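A.B. asks: Have a look at this one before I ask anything.
The values are calculated or read from the model by the stated rules, or taken from the named source; none is laboratory data. Bear in mind the structure is a predicted one, so any value in this text is a computation, not a measurement. Cβ sites come from the backbone with ideal geometry, for glycine too, and all protein chains shown count toward neighbours. Keep in mind that these areas ignore ligands, DNA and RNA; they rest on the heavy atoms of the full protein, side chains included. Shrake-Rupley method; radii C 1.70, N 1.55, O 1.52, S 1.80 Å.
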Amino acid sequence: MTSDLTSQGRVEPAPGSAPAAAASPGSTADAAAAGSISIDGLSCSYGSFRAVRDVSTLFAPHAVTAIIGPSGCGKSTFLRTLNRMHELTPGATVAGHVLLDGVDIYSSDVDPVQLRRIVGMVFQRPNPFPTMSIYDNVIAGLRLASGKRDKSEYDAIVEQSLRRAALWDEVKDKLQQNGTSLSGGQQQRLCIARALAVDPEVILMDEPASALDPIATLHVEELIAELRANYTIVIVTHNMQQAARVSDYTAFFNMGDDRAGYMVEMGPTDDVFNRPVNSVTADYVSGRFG
């Protein structure tokens, strides 16, 4: 994985001391598996405003971690630091360490473009490329990352990715139709197929079902449950019932007096919802605020 990420002349690593051991929701063996993300002392800002402060944790590989918390507590900003999309915003900065399979993704020799192939992202609203067919949408990232391949290879990847996204049977006879011709739920699964086509280790999802109807939401949740066997998934959601349904672990974020988001606690989802350690977590999951 390290060789896939490294390049020359990239952004300098974020300031901070060498990473300490992060609190793990899984075993020590989990930390060595592909797709393990270890975070130590992570803070991120927009100019002088600190949006997230001092987060340290570990996301277990081949599991679903849900990030919950009230609006404005930095959940989406935090998610965007995990594949260096945060730094695309003018004035955005990051301090601390994010290790993917032991490699600090903010190191100077890590290529952010390659990183975003390994750590894919699905956004709140489906965003298929409007001028492309369903077929071309699936392989768009693959073409950008690895150049031209034989059509037979593309055909196989398109079918495999759409099958993994539980969409193949619905679109196999109309692959040349525009991607935006699909329903909202189908478009979101198309975007997931596009992320899967480049063979990532990690999939980040920012409110992936918030713009969908209940049936389409169910399809996406069922897909997340299937994908956990092969990918590390981190999902931001405002829907606590959804977090309880789809995730193995849950991280609760809240906003401090300085308006910066911070992680209150993280653990197995059943524990966070039914036996939270912190009284603030108990108040949030019981609906007393948020």
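Residue-wise test of (1) in contact with a helix residue (DSSP H, G or I) (Cβ under 9 Å, 6 or more places away or on another chain); (2) among the hydroxyl-bearing types (S, T, Y); (3) closer than 21 Å to R228 by Cα.
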residue	(1), (2), (3)
G47	no, no, no
R50	no, no, no
A63	yes, no, yes
G72	no, no, no
S76	no, yes, yes
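A.B. asks: Considering only helices (runs of 4 or more DSSP H) fully contained in the range 97-188, which possess at least 2 residues that are more than 24 Å from S36 (Cβ to Cβ)?
C.D. replies: Values: elements: 112-118, 134-146, 151-164, 168-171.
So the answer is 134-146, 151-164, 168-171.
A.B. asks: Enumerate the pairs (first residue in the range 253-265 and on the phi > 0 side of the Ramachandran plot; second residue anywhere and surrounded by fewer than 16 Cβ atoms within 10 Å (Cβ to Cβ)) with beta-carbon separation below 9 Å, excluding pairs fewer than 6 apart on the same chain, so at least 6 apart or on different chains.
C.D. replies: Matching pairs, first to second residue: R259/F49; R259/G72.
A.B. asks: Restricted to the range 127-145, and to residues that are open to solvent by 60 Å² or more (accessible area, probe 1.4 Å) and out of contact with any helix residue (DSSP H, G or I) (no Cβ under 7 Å at 6 or more places or on another chain), which residue is farthest from V158 (Cα to Cα)?
C.D. replies: T131
A.B. asks: Also, quick follow-up: Report, ordered by the first and then the second residue, all pairs with beta carbons closer than 6 Å, sequence separation of six or more or different chains, a first member in the range 168-180 that is closer than 16 Å to I157 by Cα and without any contact (Cβ under 8 Å) to a residue 12 or more places away in the chain, and a second member that is in a helix (DSSP H, G or I) and open to solvent by less than 80 Å² (accessible area, probe 1.4 Å).
C.D. replies: From the range 168-180, the pairs are W168/L162.
A.B. asks: Could you list all residues from the range 59-79 that are buried (at least 22 other Cβ atoms within 10 Å of the Cβ) and in contact with a Leu (Cβ under 8 Å, 6 or more places away or on another chain)?
C.D. replies: Across the range 59-79, the qualifying residues are I67, F78.
A.B. asks: Looking at the range 189-209, which of its residues are over 18 Å from R80 (Cβ atoms), part of a loop (DSSP other than H, G, I, E, B) and open to solvent by less than 30 Å² (accessible area, probe 1.4 Å)?
C.D. replies: Within the range 189-209, V198, A209 meet the criteria.
A.B. asks: Ok, one more. Residue check: is I215 over 19 Å from G141 (Cβ atoms), open to solvent by 10 Å² or more (accessible area, probe 1.4 Å) and β-branched (V, I, T)? Explain how you work it out, then say what you get.
C.D. replies: Values: over 19 Å from G141 (Cβ atoms): yes; open to solvent by 10 Å² or more (accessible area, probe 1.4 Å): yes; β-branched (V, I, T): yes.
Yes, satisfied.
A.B. asks: As an exercise: evaluate Q187 against (1) under 29 Å from E159 (Cα atoms); (2) free of Cβ contacts under 8 Å to residues at least 60 places away in the same chain and give the number of the one condition it does not meet.
C.D. replies: Failing condition for Q187: (2).
A.B. asks: Hey, another quick one. Examine the range 254-276 for a residue that is within 15 Å of the chain's Cα centre (by Cα), surrounded by fewer than 21 Cβ atoms within 10 Å (Cβ to Cβ) and among the charged types (D, E, K, R), and state whether such a residue exists.
C.D. replies: Keep residues of the range 254-276 that are within 15 Å of the chain's Cα centre (by Cα), which gives none.
Looking for residues that are within 15 Å of the chain's Cα centre (by Cα), surrounded by fewer than 21 Cβ atoms within 10 Å (Cβ to Cβ) and among the charged types (D, E, K, R), one finds none in the range 254-276, hence no.
A.B. asks: Among the residues of the range 278-290, count how many are touching a residue at least 12 places away in the same chain (Cβ under 8 Å) and either part of a helix (DSSP H, G or I) or aromatic (F, W, Y) (or both).
C.D. replies: Qualifying residue count for the region: 5.
A.B. asks: Do we have I105 as at pLDDT 95 or above and in contact with a helix residue (DSSP H, G or I) (Cβ under 9 Å, 6 or more places away or on another chain) here? Reasoning before the result, please.
C.D. replies: Values: at pLDDT 95 or above: yes; in contact with a helix residue (DSSP H, G or I) (Cβ under 9 Å, 6 or more places away or on another chain): yes.
Considered against the rule, which asks whether it is at pLDDT 95 or above and in contact with a helix residue (DSSP H, G or I) (Cβ under 9 Å, 6 or more places away or on another chain), I105 comes out as yes.
A.B. asks: From the set of residues in the range 156-179 that are open to solvent by 40 Å² or more (accessible area, probe 1.4 Å) and closer than 28 Å to D111 by Cα, which is modelled with the lowest pLDDT?
C.D. replies: Here the answer is R164.
A.B. asks: Please go through the range 104-126 and pick out each residue that is among the aliphatic types (A, V, I, L, M) and either open to solvent by less than 20 Å² (accessible area, probe 1.4 Å) or within 22 Å of L162 (Cβ to Cβ) (or both).
C.D. replies: In the first step, residues of the range 104-126 are kept if they are among the aliphatic types (A, V, I, L, M); the result is 105, 110, 113, 115, 118-119, 121-122.
If the condition is that a residue be among the aliphatic types (A, V, I, L, M) and either open to solvent by less than 20 Å² (accessible area, probe 1.4 Å) or within 22 Å of L162 (Cβ to Cβ) (or both), then I105, V110, L115, I118, V119, M121, V122 are the ones that fit.
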